[in-house]
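Colleague: Mind having a look at this structure? Questions to follow.
The values are calculated or read from the model by the stated rules, or taken from the named source; none is laboratory data. Remember, predicted model here, so these are calculated numbers, not experimental data. Please note: Cβ atoms are built from the backbone with ideal geometry, for glycine as well, and neighbour counts cover all protein chains shown. When the accessible area is computed, the model is the full protein with side chains, heavy atoms only, and any ligands, DNA or RNA have been set aside. Shrake-Rupley method; radii C 1.70, N 1.55, O 1.52, S 1.80 Å.
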Amino acid sequence: MLQWIIFLITDCVRELVKDDDCTGCAGCSNACQRHALETVLSAEGFYRPVFSAELCCECGACVKKCPVLAMRAHSAPPPHTTRTDCYAAWSNDRETHALSSSGGVFSELSKLVLEDGGTVFGCGWNDNLEPEHMAVTSVAELARLRGSKYVPSSIGLSLARAAALARGGARVLFSGTPCQVAALDRLLDAQARDQVTLIDMICHGVPSLALFSAYKGWLFRGETVSDFTFRDKSLCLQTIVARSPSGATYRRRASDDPFFRLGYGNHLSLMKSCFACRFAAAPRVADITLGDYWGVPKESEHPSGVSAVLVNTPAGGELIGKLIASDAITLMPADLADISRMNPRTTGGEWSLPSRRNEFLRDVARGHSFRWFYWRWYAPLRAKERVRDALLGSAVFWVRALKVKKVFCFFRVLRHAGNAH
Ligand SMILES: Cc1cc2nc3c(=O)[nH]c(=O)nc-3n(C[C@H](O)[C@H](O)[C@H](O)COP(=O)(O)OP(=O)(O)OC[C@H]3O[C@@H](n4cnc5c(N)ncnc54)[C@H](O)[C@@H]3O)c2cc1C
Ligand code: SF4
Ligand code: SF4
Ligand code: SF4
């Protein structure tokens, strides 16, 4: 019997490692005390656990802690969300607001925890300009975590570190994608969970990190990139800005950027599990969910962007209450349906799988240069869009022209009728 259970566990681990549903959240490798699972980057550019059978003691912790397997086993909603209150909000600190992706609410929540002596875990750029989860303990270091990085973050052992701190009674704030947050939640017992504020985001999904690496090489014709942001606010609220060590600058609206369009907007390189993601839907595991409030009502607009804030638990509500009391944020009630109107992932939403995604990711795995992707994939896509826009433009022109002609004829008929009388 015991032999059979052990066989089942190892078999599960292997199946779990191969599964297309894997989110790369690193919950399994953080649960493994024997380092038998390591989360590494696949050739397609997504984090995946790699299993070393010789180190495994078949304890089953990885299987127990995997949020995807847990979600499959119990179709019930996650245990921590009770109801969701929604707001439009932004930081009252102008600099924080300007340097954040949307309203800067993440930074204000983090300041509360840091000033209380706690630790904040979030995603920053490492020395190779790849996103990585890291811990900060002072407000001065918080800038490292600010800003959305629209590529997968390397979690390393951050989940295990955050869980260990919380078990020791420390205050912790952890911010990440909903799947990463679900992974940390599964590592916490009830007492440790009370020490942790979980913040997730309205999540579109993550594109291939391998494609992003190729893109970085393309930006300055092989020169390294010393500074990169997906969310500068200079040309529009989603401006991509990169700088090279020699002082060259690349600045483009995300909607005109080849990486953003190919990898993210067109879903060609999105991770498979992001297409029908259960973690990105309500009800959520996180205490607070942050996002962009696109299409915010006129009375709640701000030129530097507005955060959509979903308060999912009483603990989340308490923190937001503290921010209001200290006048750290401006906050207005909002409606969930209105937030999700232009942001379908607020309440779930599935993307349809592009028919050429597999072909595209095969090209990514082959390690082509971004210049190659530009001409093979991006230029034809842009050409098609230009033709479509031109056709659409001329259709609008003719509809308008016909309307004018109709009105003109109508007046002519009226005039004739008048003359006839
Ligand atoms: C991959 C991704 C997809 C997103 N998709 C949407 C969307 O479809 N709709 C929407 O409204 N909002 C989306 N967001 C959220 C949005 O971009 C902002 O993060 C959010 O509005 C909070 O902004 P802020 O100004 O409060 O804080 P900011 O300071 O801008 O937020 C930064 C926080 O995001 C975390 N973070 C940044 N990059 C990553 C990453 N790669 N992995 C894990 N955590 C990360 C950091 O830990 C930090 O806590 C997405 C964010 C990411 C990272
Ligand atoms: S069964 Fe235990 S030892 Fe083996 S990989 Fe999973 S967590 Fe690690
Ligand atoms: S815990 Fe996360 S990384 Fe590990 S198998 Fe499950 S989904 Fe994949
Ligand atoms: S869409 Fe889902 S699976 Fe993809 S990064 Fe976001 S939370 Fe994770």
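Colleague: Run G124 past the list (1) within 13 Å of ligand 1 (Cβ to nearest atom); (2) part of a helix (DSSP H, G or I) and report the number of the one that doesn't hold.
Modeller: Evaluating G124 over (1) within 13 Å of ligand 1 (Cβ to nearest atom); (2) part of a helix (DSSP H, G or I) leaves (2) as the failure.
Colleague: If you don't mind, there's one more thing I want to ask. Within segment 171-181, how many residues turn out to be touching a strand residue (DSSP E or B) at 6+ places or on another chain (Cβ under 8 Å), outside any strand (DSSP E or B) and open to solvent by less than 30 Å² (accessible area, probe 1.4 Å)?
Modeller: Here is the first cut: in segment 171-181, the ones touching a strand residue (DSSP E or B) at 6+ places or on another chain (Cβ under 8 Å) are 171-178, 180-181.
Next cut, outside any strand (DSSP E or B) only: 171, 176-178, 180-181.
Then drop every residue that is not open to solvent by less than 30 Å² (accessible area, probe 1.4 Å), which leaves 176-178, 180-181.
Residues flagged as touching a strand residue (DSSP E or B) at 6+ places or on another chain (Cβ under 8 Å), outside any strand (DSSP E or B) and open to solvent by less than 30 Å² (accessible area, probe 1.4 Å) within segment 171-181 amount to 5.
Colleague: Within segment 259-289, track down each residue that is part of a helix (DSSP H, G or I) and not aromatic (F, W, Y).
Modeller: Step one: filter segment 259-289 for residues part of a helix (DSSP H, G or I), giving 259-265, 272-274.
Matches in segment 259-289: R261, L262, G263, G265, K272, S273, C274.
Colleague: If we keep just the residues of segment 127-148 that are in a loop (DSSP other than H, G, I, E, B) and of a type in the set (D, E), which is nearest to S208 (Cα to Cα)? Walk me through how you get there before you give the answer.
Modeller: As a first pass, look at segment 127-148 and keep what is in a loop (DSSP other than H, G, I, E, B): 127-130, 137-138, 145-148.
In the following step, the residues that additionally are of a type in the set (D, E) were identified as 127, 130.
Working: D127: 19, E130: 12 Å.
Of everything passing the filter in segment 127-148, E130 is nearest to S208 (Cα to Cα).
Colleague: Could you check, for segment 290-300, whether at least one of its residues is within 16 Å of ligand 4 (Cβ to nearest atom) and either charged (D, E, K, R) or open to solvent by less than 20 Å² (accessible area, probe 1.4 Å) (or both)? Spell out the reasoning first.
Modeller: Residues of segment 290-300 that are within 16 Å of ligand 4 (Cβ to nearest atom), as a first pass: 290-292.
From what is left, the residues that are either charged (D, E, K, R) or open to solvent by less than 20 Å² (accessible area, probe 1.4 Å) (or both) are 291-292.
Yes, segment 290-300 has at least one match.
Colleague: Of everything in segment 32-67 that's in a strand (DSSP E or B) and more than 16 Å from ligand 4 (Cβ to nearest atom), which residue is nearest to the chain's Cα centre (by Cα)?
Modeller: Step one: of segment 32-67, the residues in a strand (DSSP E or B) are 37-41, 47-51.
Okay, now just the ones that are also more than 16 Å from ligand 4 (Cβ to nearest atom), so 37-38, 40, 50-51.
Numbers: L37: 25, E38: 23, V40: 20, V50: 24, F51: 27 Å.
Here the answer is V40.
Colleague: Could you grab me the full set of residues in segment 340-360 that are within 26 Å of W377 (Cα to Cα) and part of a helix (DSSP H, G or I)? Talk me through it step by step, then tell me what you get.
Modeller: Keep residues of segment 340-360 that are within 26 Å of W377 (Cα to Cα), which gives 350-360.
Scanning segment 340-360 gives R357, N358, E359, F360.
Colleague: Select, from A214, A163, the only residue that is more than 25 Å from G265 (Cβ to Cβ), in a helix (DSSP H, G or I) and away from ligand 4 (no atom under 14 Å from the Cβ).
Modeller: Numbers: A214 fails: more than 25 Å from G265 (Cβ to Cβ).
Answer to the check: A163.
Colleague: Of all residues in segment 318-339 being open to solvent by 30 Å² or more (accessible area, probe 1.4 Å) and part of a helix (DSSP H, G or I), which is nearest to A190 (Cα to Cα)?
Modeller: Out of the qualifying residues, it is E318.
Colleague: Find all pairs meeting these conditions: Cβ atoms under 6 angstrom apart; at least six residues apart or on different chains; first residue within segment 45-69 and under 29 Å from V364 (Cβ atoms) and touching a residue at least 60 places away in the same chain (Cβ under 8 Å); second residue near ligand 2 (Cβ under 7 Å from one of its atoms) and open to solvent by 20 Å² or more (accessible area, probe 1.4 Å).
Modeller: none
Colleague: A further question on this structure: Return the residue satisfying two criteria in turn: it lies in segment 188-201 and is surrounded by 22 or more Cβ atoms within 10 Å (Cβ to Cβ) and touching a residue at least 60 places away in the same chain (Cβ under 8 Å), and of such residues it is farthest from the chain's Cα centre (by Cα). So that I can check it myself, show each step before the final result.
Modeller: From segment 188-201, those surrounded by 22 or more Cβ atoms within 10 Å (Cβ to Cβ) are 196-201; that's our starting set.
Subsequent filtering for residues that are touching a residue at least 60 places away in the same chain (Cβ under 8 Å) retains 197-201.
On the way: T197: 18, L198: 15, I199: 12, D200: 9, M201: 6 Å.
Within segment 188-201, the match that is farthest from the chain's Cα centre (by Cα) is T197.
Colleague: Please go through (1) buried (at least 18 other Cβ atoms within 10 Å of the Cβ); (2) under 18 Å from the mean Cα position of the chain (by Cα); (3) not aromatic (F, W, Y) for R144 and return the number of the only condition it doesn't satisfy.
Modeller: Of (1) buried (at least 18 other Cβ atoms within 10 Å of the Cβ); (2) under 18 Å from the mean Cα position of the chain (by Cα); (3) not aromatic (F, W, Y), only one is false for R144: (1).
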